[in-house]
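> Following this message is one structure expressed as structure tokens.
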Amino acid sequence: MRHLMNALDLTVDEIHDLIVLAEKIIQDPARFSEVCKGKKLATCFYEPSTRTRLSFESAMLNLGGQVLGFSSADSSSASKGESVADTIRVISSYADICAMRHPKEGAPYVASLHSKIPVINGDGGHNHPTQTLTDLLTIKNLKGRLDNLTIGLCGDLKFGRTVHSLIGAMVRYPNIKFVMISPEELKIPDYIRKDTLDANGIEYKEVNVLEDVLPELDLLYMTRVQRERFFNEEDYIRLKDSFILDSKKMKLAPKDMLVLHPLPRVNEIATDVDDDPRAVYFKQAQYGVYIRMALIMTLLEVIPEC
Ligand code: CP
């Protein structure tokens with residue numbers, strides 16, 4: 001039995017296999033519609049979520065399985081003081097696989113130690129593995145490759161977990177360059193600069209004007225400045241609108257540059273960008289269902305002969 005805590009728990013080859021499987025699902029979803037008949041997915045979400053929880057549930061339903069779970073700590077016995085270890089012991093006898101999001105880093109890992117079913121980390125303190133897999137599928141399917149890319153990362157690069165995970169995943173492919181666009185206070189943490197970028201000899205630069213670098217990007221990964229990560233409301237208000245991508249700025253970007261965003265967005269992408277064919281963030285959210293279908297089948301070891 002295998003759990004997924006971090007996208008880097010998967011080798012490049014395993015990620016390739018998941019992407020190939022997801023692309024088969026995109027081509028012929030009906031073929032997979034009964035693969036998980038009789039199986040159940042539990043979604044144990046101790047933190048708010050729209051995409052992660054519902055895309056997991058949609059994925060399992062698309063596979064012919066069923067779903068159960070809770071969407072907040074308040075509506076579970078965690079509110080009475082039950083430990084994650086006890087909860088997963090019980091869920092193990094109710095479901096075949098569990099997706100968990102928890103505000104405490106390490107909680108899904110603790111759950112995995114006490115679980116009799118595969119546990120997928122929905123989003124932990126530093127890791128959001130299924131968002132990273134979603135991003136990789138989006139890039140591969142829409143750009144045609146995961147190598148030879150100049151990737152702009154814009155917004156909150158300090159607290160943005162999706163950005164940290166994406167950097168970790170992309171440095172494993174050849175000829176990846178990063179352009180990091182953020183205010184001084186929200187620059188990428190030193191440990192990522194040193195342990196991931198420098199350690200892998202990755203070319204990168206750090207700037208604070210989006211317009212200057214747009215013409216050189218293959219991908220622009222926008223992120224939200226996350227109010228919930230700030231201790232000080234004044235700092236949040238000062239920084240929240242540091243970068244706003246709009247249709248005027250999009251004129252500076254290459255015709256084939258893709259705009260990704262893990263969502264939810266607040267102000268960082270103006271709605272006048274939504275109809276630009278390069279804006280793929282809603283498609284990206286849809287791809288989240290396909291990659292989670294592939295992941296559920298892989299962890300349950302029920303991949304049909306293809
Ligand atoms: N991208 C993402 O994790 O969205 P949710 O917070 O809505 O799950």
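The values are calculated or read from the model by the stated rules, or taken from the named source; none is laboratory data. Computed from a predicted model, the values in this text were never measured in an experiment. Here Cβ is always computed from backbone atoms with ideal geometry, including for glycine, and neighbour counts include all displayed protein chains. Side chains included, ligands, DNA and RNA excluded: accessible areas come from the protein's heavy atoms. Shrake-Rupley method; radii C 1.70, N 1.55, O 1.52, S 1.80 Å.
> Considering each residue of segment 166-210, count those that are out of contact with any Cys (no Cβ under 8 Å at 6 or more places or on another chain) and in a helix (DSSP H, G or I), and give that number.
The number of residues fulfilling the criteria is 17.
> State all residues of segment 276-290 that are free of Cβ contacts under 8 Å to residues at least 24 places away in the same chain and farther than 22 Å from VAL225 by Cα; if no residue qualifies, say none.
Selection gives PRO277, GLN286.
> Take the residues in segment 272-297 that are more than 18 Å from the chain's Cα centre (by Cα) and of a type outside the set (Asp, Glu); name whichever of them is nearest to PRO118 (Cα to Cα).
Out of the qualifying residues, it is MET297.
> Let me ask you something else. Can you tell me which residue among LEU186, LEU197, LEU217, LEU239 is closer than 17 Å to LEU260 by Cβ and either under 23 Å from the mean Cα position of the chain (by Cα) or surrounded by 14 or more Cβ atoms within 10 Å (Cβ to Cβ) (or both)?
Exactly one residue qualifies, and that residue is LEU217.
> Which one of the conditions (1) assigned to a helix (DSSP H, G or I); (2) more than 16 Å from the ligand (Cβ to nearest atom) does LEU136 fail to meet, given that it meets all the rest?
Of everything listed in (1) assigned to a helix (DSSP H, G or I); (2) more than 16 Å from the ligand (Cβ to nearest atom), LEU136 misses just condition (2).
> Report, ordered by the first and then the second residue, all pairs with beta carbons closer than 6 Å, sequence separation of six or more or different chains, a first member in segment 291-306 that is on the phi > 0 side of the Ramachandran plot, and a second member that is open to solvent by 10 Å² or more (accessible area, probe 1.4 Å) and of a type in the set (Phe, Trp, Tyr).
none
> Within segment 10-129, considering only strands (runs of 3 or more DSSP E) that don't extend past its boundaries, which have at least 3 residues that are closer than 23 Å to THR162 by Cβ?
Those strands (runs of 3 or more DSSP E) span 40-45, 97-101, 119-123.
Conditions tested, residue by residue: (1) within 16 Å of the ligand (Cβ to nearest atom); (2) within 16 Å of PRO108 (Cα to Cα).
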site	(1), (2)
HIS16	no, no
ILE19	no, no
ILE25	no, no
GLY38	no, no
GLU47	yes, yes
ALA73	yes, yes
ARG89	no, yes
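> Quick test for you: out of GLU233, GLU268, pick the one residue that is touching a His at 6+ places or on another chain (Cβ under 8 Å) and either of a type in the set (Asp, Glu) or more than 16 Å from the ligand (Cβ to nearest atom) (or both).
GLU268
> Please find, within segment 285-301, the residue that is surrounded by the fewest Cβ atoms within 10 Å (Cβ to Cβ) out of those that are β-branched (Val, Ile, Thr) and either over 14 Å from GLY64 (Cβ atoms) or within 16 Å of the ligand (Cβ to nearest atom) (or both).
Among those residues, the one meeting the criterion is THR298.
> Here's another thing I want to ask about it. Name the residues in segment 260-275 that are closer than 23 Å to GLU228 by Cβ and either in contact with a Ser or Thr (Cβ under 6 Å, 6 or more places away or on another chain) or in contact (Cβ under 8 Å) with a residue 60 or more places away in the chain (or both), would you?
LEU260, PRO262, LEU263, PRO264, GLU268
> So which pairs qualify, if the first residue must be in segment 42-61 and over 22 Å from SER79 (Cα atoms), the second must be open to solvent by 40 Å² or more (accessible area, probe 1.4 Å) and among the aliphatic types (A, V, I, L, M), the Cβ gap must be under 7 Å, and the two must be at least 6 apart or on different chains?
Partner pairs satisfying both residue conditions: GLU57/VAL67; MET60/VAL67; LEU61/VAL67.
> To continue, here is another question. Residues being near the ligand (Cβ under 9 Å from one of its atoms) and touching a strand residue (DSSP E or B) at 6+ places or on another chain (Cβ under 8 Å): count how many of those fall in segment 49-58.
So the count comes out to 3.
> Could we say that ALA169 is hydrophobic (A, V, I, L, M, F, W, C), within 30 Å of ASP13 (Cα to Cα) and in contact (Cβ under 8 Å) with a residue 24 or more places away in the chain here?
Yes: the conditions hold for ALA169.
> Say whether the condition of being within 16 Å of the ligand (Cβ to nearest atom), within 30 Å of PRO254 (Cα to Cα), surrounded by fewer than 22 Cβ atoms within 10 Å (Cβ to Cβ) and under 13 Å from the mean Cα position of the chain (by Cα) is met by at least one residue in segment 150-159.
No; the residues of segment 150-159 include none that is within 16 Å of the ligand (Cβ to nearest atom), within 30 Å of PRO254 (Cα to Cα), surrounded by fewer than 22 Cβ atoms within 10 Å (Cβ to Cβ) and under 13 Å from the mean Cα position of the chain (by Cα).
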